[in-house]
Structure formats: C-alpha cells, structure tokens
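The values are calculated or read from the model by the stated rules, or taken from the named source; none is laboratory data. Here the structure is a predicted model, which means the values were calculated and not measured. Note: ideal-geometry Cβ built from the backbone for every residue, glycine included; neighbour counts use all protein chains shown. Side chains are part of the model used for accessible areas, which takes the heavy atoms of the whole protein and leaves out ligands, DNA and RNA. Shrake-Rupley method; radii C 1.70, N 1.55, O 1.52, S 1.80 Å.
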Amino acid sequence: MNSSKNIGLGVAVGTGVGVAIGVATDNLATWVALGVAIGLILGFGTRFRRKK
C-alpha cells in the first residue's frame, strides 16, 4: 500500500471515530476535527517507518 492510500485510510478512520465520539458527547464539530487531525498524523506516520 502506498503512502497516499495510508493517509486516506487514516483520515477515513479518524473521521469515523471522531463522528462516533462527537455524537456520543454532543460535541460533533470538535471531535470530527480532532478525528481528522489524528487520522492525518497516523497516515503520515506510516511514511516514515523504516523498511526492512
């Protein structure tokens, strides 16, 4: 899987988790933004792993 797919997957998962937490806590805007940010961090993190 190349890095652009990893970033997209991270954003999608982060957004999903953010929506779920946002609906549960009745603070949707904050948690969606945090979910996207965390997803981007996780997606970009896979670009810097060492390959064996």
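Within segment 34-52, restricting attention to residues that are among the aliphatic types (A, V, I, L, M) and surrounded by 14 or more Cβ atoms within 10 Å (Cβ to Cβ), which residue is modelled with the lowest pLDDT?
Residues of segment 34-52 among the aliphatic types (A, V, I, L, M): 34, 36-38, 40-42.
Now narrow it down to the ones that are surrounded by 14 or more Cβ atoms within 10 Å (Cβ to Cβ): 34, 36, 38, 40, 42.
Working: 34: 95, 36: 94, 38: 92, 40: 90, 42: 86.
If we take residues in segment 34-52 being among the aliphatic types (A, V, I, L, M) and surrounded by 14 or more Cβ atoms within 10 Å (Cβ to Cβ), then 42 is modelled with the lowest pLDDT.
Scanning segment 17-30 for residues that are in contact (Cβ under 8 Å) with a residue 12 or more places away in the chain and open to solvent by 40 Å² or more (accessible area, probe 1.4 Å), we see that the one that is nearest to residue 41 (Cα to Cα) is 17.
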